[in-house]
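Below is one structure, written out as structure tokens; the observations come after it.
The values are calculated or read from the model by the stated rules, or taken from the named source; none is laboratory data. Just so you know, these numbers come straight off a predicted model, no measurement behind them. All Cβ positions, even for glycine, are placed from backbone atoms using ideal geometry, and neighbour counts span all protein chains on display. Surface areas here come from the heavy atoms of the whole protein model, side chains and all, with no ligands, DNA or RNA. Shrake-Rupley method; radii C 1.70, N 1.55, O 1.52, S 1.80 Å.
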Amino acid sequence: MTLLGNLRHRPVRRLTQLFFGLVVYGFSMALMIRSELGLNPWDVFHQGMSRLTGLSMGTVVIATGLLVLLAWLPLRQRPGVGTLANVVVIGLAVDATLALMPPVEPFATRAVLLVAGIVVNGAATALYLGARLGPGPRDGLMTGFVARRPGRSLRLVRTVIEVGVLAVGALLGGTIGAGTVAYALAIGPLAQLFLPFFDVPEPTRPATEHVTPAPTG
């Protein structure tokens, strides 16, 4: 299976940005977890599974990412370097941050953690998307489904999937709260705000010079 992402174009910049973005993404997840004021839909699911199984949050994130990648096979999606890194790095980063960051009690501190987590998550999303080395497994699942069924709306497919994982996560004990709503409203505009700063443009192909053939005869 061919890996997406042309590493011949600015490889050091793009790989550095990719891995830094994924580590920061895991850090932002940990901030929201410690706020205890609500998580994004997938993390509600991850946290619910973590509480059910006793596995660490990061381990569940990695395991879920691998299972979602298997769902790419019938959709004929091709992972990029960033896709595979996404599966592993974010899970390791969130576990490392949670190990170093103890729970906090004051509501004001938790509110600051929530706001910081959402803003940092938006920047992290722009960092790894801007590297153009492949989508995350969960985003690729949505875009792959739409690509196979062009009549479906990406927004509708994303909503259905995220509502589904949110409902399952809530039933398993994941944290839903004001942060869940705030994340849903803010993450798109924030990622769009940061993306111009981190986007690495694809190399432009030189225009082919048109040569008029010499007359014969």
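Scanning the range 118-136 for residues that are under 26 Å from residue 37 (Cβ atoms) and either among the hydrophobic types (A, V, I, L, M, F, W, C) or open to solvent by less than 10 Å² (accessible area, probe 1.4 Å) (or both) yields a count of 11.
Within the range 28-42, track down each residue that is under 13 Å from residue 98 (Cα atoms), crowded, with 21+ Cβ neighbours inside 10 Å and either of a type outside the set (S, T, N, Q) or out of contact with any Gly (no Cβ under 9 Å at 6 or more places or on another chain) (or both). Of everything in the range 28-42, those that are under 13 Å from residue 98 (Cα atoms), crowded, with 21+ Cβ neighbours inside 10 Å and either of a type outside the set (S, T, N, Q) or out of contact with any Gly (no Cβ under 9 Å at 6 or more places or on another chain) (or both) turn out to be 29, 30, 31, 32, 33. Applying the condition of being open to solvent by 30 Å² or more (accessible area, probe 1.4 Å), in contact with a helix residue (DSSP H, G or I) (Cβ under 6 Å, 6 or more places away or on another chain) and assigned to a helix (DSSP H, G or I) to the range 43-65 and asking which residue is farthest from residue 129 (Cα to Cα) yields 49. Scoring residue 150 on the criteria (1) on the phi > 0 side of the Ramachandran plot; (2) surrounded by fewer than 16 Cβ atoms within 10 Å (Cβ to Cβ) leaves a single failure, condition (1). Checked against (1) assigned to a helix (DSSP H, G or I); (2) of a type in the set (S, T, N, Q); (3) more than 19 Å from residue 20 (Cα to Cα), residue 192 passes all but condition (3).
For the range 88-102, filtered to residues that are among the small types (Gly, Ala, Ser) and either in contact with a strand residue (DSSP E or B) (Cβ under 8 Å, 6 or more places away or on another chain) or open to solvent by 20 Å² or more (accessible area, probe 1.4 Å) (or both), the residue that is farthest from residue 15 (Cα to Cα) is 99.
Would it be correct to say that residue 87 is modelled with pLDDT under 95 and on the phi < 0 side of the Ramachandran plot?
Spelling it out, residue 87 is indeed modelled with pLDDT under 95 and on the phi < 0 side of the Ramachandran plot.
Restricting the range 161-193 to residues that are free of Cβ contacts under 8 Å to residues at least 12 places away in the same chain and open to solvent by less than 70 Å² (accessible area, probe 1.4 Å), the residue that is nearest to residue 111 (Cα to Cα) is 188.
Summed over the range 66-92, the residues that are in a helix (DSSP H, G or I) and over 23 Å from residue 124 (Cβ atoms) give a count of 5.
When only residues in the range 66-87 that are more than 12 Å from the chain's Cα centre (by Cα) and among the β-branched types (Val, Ile, Thr) count, which is least open to solvent (accessible area, probe 1.4 Å)? Spell out the reasoning first.
Initial filter on the range 66-87 (more than 12 Å from the chain's Cα centre (by Cα)): 66-81.
Now drop any that are not among the β-branched types (Val, Ile, Thr), which leaves 68, 81.
On the way: 68: 14, 81: 36 Å².
Of everything passing the filter in the range 66-87, 68 is least open to solvent (accessible area, probe 1.4 Å).
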